[in-house]
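Enquirer: Below you will find the structure I want to go over with you.
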Amino acid sequence: MAKVKEGWGSRIGLILAMAGNAVGLGNFLRFPVQAVQNGGGTFIIPYFVSFLLMGIPLLWVEWSMGRYGGVRGNHSTPFIFDSIGKKRLWKYVGVFGIFTNLGIISYYTYIESWTLSYTFKSLFQEFAGMTPEQVSATFDTYAGIHGGNIGHHVDPNFPLLAIAAFFVTLALNVYVLSKGLEGGTEKVAKIAMPLLILFGIFLAVKGVFLGDTGIGCDTCNSWAGLDFLWKPDYDSLGNPKIWLAAAGQIFFTLSVGMGTIHCYSAFVKKNDDIALNAMTAGWMNEFVEIVLGASVVIPIAVGYMGIDWVKENAGFMMAFKTMPYLFDQWGPLLATFAGVAWFGLLFIAGITSSLAMGTPFMNFVEDEFNWGRVKSAVVLGIVIMIMALPTILFFEYGVFDEYDYWTGTVSLVIFATAEIILFAWIFGVDKGWKEINRGADIKVPLFYKFVIKWITPLFILTIFISALIKPLNGEVSDWQTAIHQLFTQGSWPWAHDSIIGQIIHVDEKVIWFIDGVPTLMFFKDMSRVLLVLTFVGLSYLVHIASKKRKSLSKKSKA
Amino acid sequence: MSTPALTLMILVQGTVTVISIYFLLKVLKKPEKPEKGNEIDDFDNN
């Protein structure tokens, strides 16, 4: 525990940094794709229910846990949890708050570096006159994707330019983090977030008012894209898959269950507002996602490629493999500006999130080992580099996807389940309610006290259990079949993508080598080993820090 | 664009925009609290 002399320079700076933490690539790329794949306009109903009953309560819980820990000199999740839980176990649960961020930042910084490179590629009009196939191939060349050789011999992806851009992006993150919260992260957020919103408004206006592009296909009209995105299909509301997808999106978009919010709010003073701050940052994120994010990729892509093409190709890679071609249809000047706005916007969304992801590790080593900011930031950079290289070099071998699944999905749900139980049941909802309302500039509806105690934990537990034991395709009929099978045959038909299904490799052959050549399974399992070792290593550091604290406490008593 | 889709889009995007601006203005009206850091103390939280 250390007296950290960090702090936020201004309230608006803190809110913009928190909003920057939440606003990420997913606002523009994941949300619209999830919406079109899950009932179109109907998706917004479970999405909002999840936001109101899980997202908002978790925001208040995380902000208040962070402030509570920070006031007691604890700025990292293991010791924030420790100060709230008072039992030895909780600080090890808090390790998820550092682990998740180290895992995500390792591949996220790489994607962030793509957006940086593509901003410059757009500025220098590299995509001018290219066909859709050429734009797509440009990305494959850039990321060193060669396909074909998998299974015959190991042929790592070695994209020199992409690796150089990754190092530049990493160095930029390390530099900003080394400047501290007020001098680094807050300054970046104050400039970057308004710029992101301006870029977003420009692209959203273009997306909405693009109309009929005259390409020739029946549905090549941005309004058809918006119709595709917003047309409600109320029959799908009863499908649990859609509810799970919506709840999952709320997790991703608000950056809850990660530990970053705790680590930012640990620098809020004990009587400062958190209730209004949390709402402002949370709703700002929703504005960027629902108003701006929904109005860019899908309408513009449908405008030029038609609905059928978008149905088949909607996904994350559209940002790099398709958007430059679409912008190019607007003429050289506007295409350049749109490309810079689009990739610049994604870069800003990325860096404001990665800076937040670096903070839990920084806070931990600064608090527990008295490291300076520069040393902490440089060591963080080295750790990210070590963890990121496998995702870059073995991008096509599934390493990237493993990191994303375990740290970007599973960890979030485990952490959120633990924190809501800790806050509402161990710490106690009465004390928790007082914490949320301490210094509040808004009156938090009393209804939320009930929600935090009952609804949010049940909501998250349902998500966690569903993800853990999901049967077959997760449809209602699959659950019925699974329960029947459990009672008649004593077995459970694990879905391949359930957590247990992933752990026991359902529908996969566990063969590490064929003719001496490592298989995809080898890379998959080695990625998991690396992640487990990271978690164990962090837990060991927490153990050392805990012993150090005890010894200091004994000395001071003596 | 069909009427149900247009209605839903305007309703949802309009509501989110209004609420976002409402909270932002509420924050901007409150005075800044520029003092730094968190003093470690033992205030009773109960």
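Enquirer: Please report, ordered by residue number, the helices (runs of 4 or more DSSP H) entirely within region A:256-357 with at least 3 residues that are within 14 Å of another protein chain (Cβ to nearest Cβ).
Expert: So the answer is A:260-265, A:275-286, A:297-305.
Enquirer: Go through (1) at pLDDT 95 or above; (2) open to solvent by 70 Å² or more (accessible area, probe 1.4 Å); (3) over 25 Å from A:Trp406 (Cα atoms) one by one and return the number of the condition A:Leu533 breaks.
Expert: (3)
Enquirer: Can you give me the number of residues within region A:483-521 that are open to solvent by less than 40 Å² (accessible area, probe 1.4 Å) and over 29 Å from A:Ala245 (Cβ atoms)?
Expert: Count: 3.
Enquirer: Sticking with this one: Name the one entry in A:Ile382, A:Ile386, A:Ile452 that is over 19 Å from A:Phe79 (Cα atoms), open to solvent by less than 10 Å² (accessible area, probe 1.4 Å) and assigned to a helix (DSSP H, G or I).
Expert: A:Ile452
Enquirer: For the condition closer than 30 Å to A:Leu538 by Cα and either assigned to a loop (DSSP other than H, G, I, E, B) or over 22 Å from the mean Cα position of the chain (by Cα) (or both), what is the one hit in A:Ala137, A:Ala128, A:Ala164, A:Ala171?
Expert: Checking each option against the conditions leaves just A:Ala164.
Enquirer: For the structure I just gave you, tell me whether A:Ala192 is under 30 Å from A:Lys470 (Cβ atoms), away from chain B (no Cβ under 13 Å) and touching a residue at least 24 places away in the same chain (Cβ under 8 Å).
Expert: no
Enquirer: Show the residue pairs meeting these rules: Cβ distance below 7 Å; 6+ apart or different chains; first residue within region B:1-21 and more than 8 Å from chain A (Cβ to nearest Cβ); second residue open to solvent by 50 Å² or more (accessible area, probe 1.4 Å) and modelled with pLDDT under 95.
Expert: none
Enquirer: Is one or more of the residues making up region A:4-15 under 17 Å from the mean Cα position of the chain (by Cα) and open to solvent by less than 10 Å² (accessible area, probe 1.4 Å)?
Expert: Checked region A:4-15: no residue is under 17 Å from the mean Cα position of the chain (by Cα) and open to solvent by less than 10 Å² (accessible area, probe 1.4 Å).
Enquirer: Anything in region A:26-43 that is in a helix (DSSP H, G or I), open to solvent by 10 Å² or more (accessible area, probe 1.4 Å) and either within 14 Å of chain B (Cβ to nearest Cβ) or under 13 Å from A:Cys263 (Cα atoms) (or both)? List them, or say none.
Expert: Passing the criteria: only A:Val36.
Enquirer: If you go through region A:515-538, how many residues are over 22 Å from A:Asp155 (Cβ atoms) and either outside any helix (DSSP H, G or I) or polar (S, T, N, Q) (or both)?
Expert: Residues that pass the stated criteria total 1.
Enquirer: Another question about this same structure. When you scan region A:45-55, how many residues do you find that are within 12 Å of another protein chain (Cβ to nearest Cβ) and open to solvent by 10 Å² or more (accessible area, probe 1.4 Å)?
Expert: Of the residues in region A:45-55, 3 are within 12 Å of another protein chain (Cβ to nearest Cβ) and open to solvent by 10 Å² or more (accessible area, probe 1.4 Å).
Enquirer: Kindly provide the set of residues from region A:56-89 that are surrounded by fewer than 24 Cβ atoms within 10 Å (Cβ to Cβ), away from chain B (no Cβ under 12 Å) and in a helix (DSSP H, G or I), ordered by number.
Expert: If the condition is that a residue be surrounded by fewer than 24 Cβ atoms within 10 Å (Cβ to Cβ), away from chain B (no Cβ under 12 Å) and in a helix (DSSP H, G or I), then A:Gly85, A:Arg88, A:Leu89 are the ones that fit.
Enquirer: Give the residues of region A:414-440 that are open to solvent by 40 Å² or more (accessible area, probe 1.4 Å), over 30 Å from A:Ala495 (Cα atoms) and either within 14 Å of another protein chain (Cβ to nearest Cβ) or in contact (Cβ under 8 Å) with a residue 40 or more places away in the chain (or both), sorted by residue number.
Expert: A:Ile426, A:Asp430, A:Lys431, A:Lys434, A:Asn437, A:Arg438
Enquirer: Further question: If I filter region A:520-535 for residues that are among the acidic types (Asp, Glu), in contact with a Lys or Arg (Cβ under 8 Å, 6 or more places away or on another chain) and farther than 30 Å from A:Trp425 by Cα, do I get at least one hit?
Expert: The answer is no, given that none of the residues of region A:520-535 is among the acidic types (Asp, Glu), in contact with a Lys or Arg (Cβ under 8 Å, 6 or more places away or on another chain) and farther than 30 Å from A:Trp425 by Cα.
Enquirer: Name every residue in region A:92-102 that is more than 17 Å from the chain's Cα centre (by Cα) and open to solvent by less than 10 Å² (accessible area, probe 1.4 Å), in order of residue number.
Expert: Across region A:92-102, the qualifying residues are A:Gly94, A:Val95.
Enquirer: Let me ask something else. One residue is enough: does region A:467-478 have a residue meeting the conditions polar (S, T, N, Q) and in contact with a Phe, Trp or Tyr (Cβ under 6 Å, 6 or more places away or on another chain)?
Expert: Scanning region A:467-478 turns up no residue that is polar (S, T, N, Q) and in contact with a Phe, Trp or Tyr (Cβ under 6 Å, 6 or more places away or on another chain).
Enquirer: Another question about this same structure. Kindly evaluate A:Glu133 against the criterion of being of a type in the set (D, E, K, R) and surrounded by fewer than 15 Cβ atoms within 10 Å (Cβ to Cβ).
Expert: Yes, satisfied.
Enquirer: From the set of residues in region A:350-367 that are open to solvent by less than 10 Å² (accessible area, probe 1.4 Å) and more than 21 Å from the chain's Cα centre (by Cα), which is farthest from A:Ala266 (Cα to Cα)?
Expert: A:Val365
Enquirer: How about region A:220-255: which of its residues are away from every other protein chain (no Cβ under 12 Å) and under 29 Å from A:Gly339 (Cα atoms)?
Expert: Across region A:220-255, the qualifying residues are A:Cys220, A:Gln249, A:Ile250, A:Phe251, A:Phe252, A:Thr253, A:Leu254, A:Ser255.
Enquirer: Looking at this structure, is A:Phe99 at pLDDT 95 or above, closer than 26 Å to A:Trp342 by Cβ and hydrophobic (A, V, I, L, M, F, W, C)?
Expert: No, not satisfied.
Enquirer: What is the number of the single condition among (1) open to solvent by less than 10 Å² (accessible area, probe 1.4 Å); (2) free of Cβ contacts under 8 Å to residues at least 24 places away in the same chain; (3) of a type in the set (D, E, K, R) that A:Glu312 does not meet?
Expert: Checking A:Glu312 against (1) open to solvent by less than 10 Å² (accessible area, probe 1.4 Å); (2) free of Cβ contacts under 8 Å to residues at least 24 places away in the same chain; (3) of a type in the set (D, E, K, R), the one that fails is (1).
Enquirer: Here is a further query. Test A:Ile105 against the criterion of being of a type in the set (A, V, I, L, M), more than 19 Å from A:Lys548 (Cα to Cα) and either assigned to a helix (DSSP H, G or I) or open to solvent by less than 10 Å² (accessible area, probe 1.4 Å) (or both), and give yes or no.
Expert: Here the answer is yes, as A:Ile105 does meet what is asked.
The values are calculated or read from the model by the stated rules, or taken from the named source; none is laboratory data. This one's a predicted model, so the numbers in the text were calculated from it and none came from an experiment. Please note: Cβ atoms are built from the backbone with ideal geometry, for glycine as well, and neighbour counts cover all protein chains shown. Ligands, DNA and RNA are stripped out before the accessible areas are found, and what is left, the full protein with its side chains, is counted by its heavy atoms. Shrake-Rupley method; radii C 1.70, N 1.55, O 1.52, S 1.80 Å.
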